[in-house]
Amino acid sequence: METAIITRPDCIFCSIASGSAPCAELYADDEILAFLDIAPVNRGHALVIPRAHYANIFEMPPELGTKLIRVQQQVGQAVMDATKANGLNIYMNNFSAAGQVVFHAHWHLIPRFTDDNLRLWPQHAYANLDEMLQLAADIRQQLG
Ligand code: 5GP
Ligand code: ZN
């Protein structure tokens, strides 16, 4: 028996996935869709989404991960070839504090060029090694 895909009428990516809103499609199958981001960081910036509505990675069934990675590899390589990029960033925002604006899980595929002068996040040092080791212990405890 086929399971119905969960969609949200107020979600722009659900509308794109169902075909009721347009997109510059790159790849589509029963479960996954890839299309160009409407406001690219670099030309060729693509989005890969599950067709079903999951607000973020924490809501997604992990079993979808294998297919999503395969599509990211295929579409990512095609984007790099078509744009003659030298590299590719793949990332995801989860929750508004992390910059998520569309609350339908999606991965950004951003082609990169040696001299594109894009700097990602600034990085910082821990105050000392103890602080870093304590935080690692706290996270391991949360993992259970
Ligand atoms: P977020 O910040 O949620 O990770 O990223 C959402 C992305 O979706 C943004 O990069 C934005 O440009 C893109 N986006 C938002 N609305 C649309 C749309 O209607 N069509 C397309 N193709 N991209 C969209
Ligand atoms: Zn949705």
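The values are calculated or read from the model by the stated rules, or taken from the named source; none is laboratory data. The structure displayed is predicted, hence computed values, not measured ones. Cβ placement follows ideal geometry from the backbone for every residue including glycine, while neighbour counts extend to all protein chains displayed. Areas reflect the complete protein model, heavy atoms only, side chains present, ligands, DNA and RNA absent. Shrake-Rupley method; radii C 1.70, N 1.55, O 1.52, S 1.80 Å.
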So, with a 1.4 angstrom probe, what is the percent of accessible area on the chain that is carbon and sulfur?
56
Among 125, 105, 21: highest mean-square fluctuation, GNM of the chain, C-alpha pairs under 10 Å
125
Distance (nanometres) between label positions extended 7 Å along Cα→Cβ at residue 92 and residue 129
3.4
Which of the trypsin sites (Lys or Arg not before Pro) found in the range 39-74 are in a DSSP loop and have at most 14 neighbouring Cβ atoms, other than their own, within 10 Å?
43
Non-local residues with an amide H under 5 Å from the amide H of residue 89, with H modelled 1.01 Å from N and Pro and chain starts lacking one, are 110, 112
Environment charge at residue 116 (Cβ cut-off 15 Å; Lys +1, Arg +1, Asp -1, Glu -1):
+3
Using amide H atoms built in the peptide plane, which far-off residues or other-chain residues are under 5 Å from residue 100 H to H?
94, 95
Kirkwood Rh, the chain, all Cα pairs: how many Å?
17.1
HN-Hα J couplings of the range 7-19 from phi, Karplus 6.51/-1.76/1.60, θ = phi - 60°, integer Hz, Gly and Pro as x?
10, 10, x, 8, 10, 4, 6, 5, 5, 5, 5, 8, x
Cysteines without a disulfide-compatible neighbour (Cβ-Cβ under 4.7 Å), the chain
23
Whole-Hz ³J(HN,Hα) from phi, Karplus 6.51 cos²θ - 1.76 cosθ + 1.60, for the range 25-39, glycine and proline x:
6, 10, 7, 8, 9, 4, 10, 10, 9, 10, 8, 6, 5, 5, 10
The longest stretch of the chain containing none of the chymotrypsin sites (Phe, Trp or Tyr not before Pro) that sit in a DSSP loop with at most 15 other Cβ atoms within 10 Å is 1-94
With springs only between Cα atoms under 10 Å apart, run a GNM on the chain and tell me which of 124, 104, 45 wobbles the most.
124
Under-5 Å amide H pairs with residue 33, H placed in peptide plane, nonlocal only:
49, 51
Grab the Cα-Cα distance for residue 77 and residue 60, subtract it from 0.36 nm times how many residues apart they are, and report the gain in nm with one decimal.
3.7 nm
I want the local charge near residue 83. Using Cβ-Cβ distances under 10 Å, sum +1 for each Lys or Arg and -1 for each Asp or Glu among the other residues.
+2
Read phi for every residue in the range 126-138 and hand back ³J(HN,Hα) as whole Hz from Karplus 6.51 cos²θ - 1.76 cosθ + 1.60, θ = phi - 60°, with x for Gly and Pro.
5, 4, 6, 5, 4, 4, 5, 5, 5, 5, 4, 5, 4
Per residue, accessible area of the chain with a 1.4 Å probe, heavy atoms of protein chains only, in Å², comes to 69
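Tell me, what is the percent relative contact order of the range 1-97, built from C-alpha pairs under 8 Å that lie six or more residues apart?
Reported as a whole number, the value is 21 percent.
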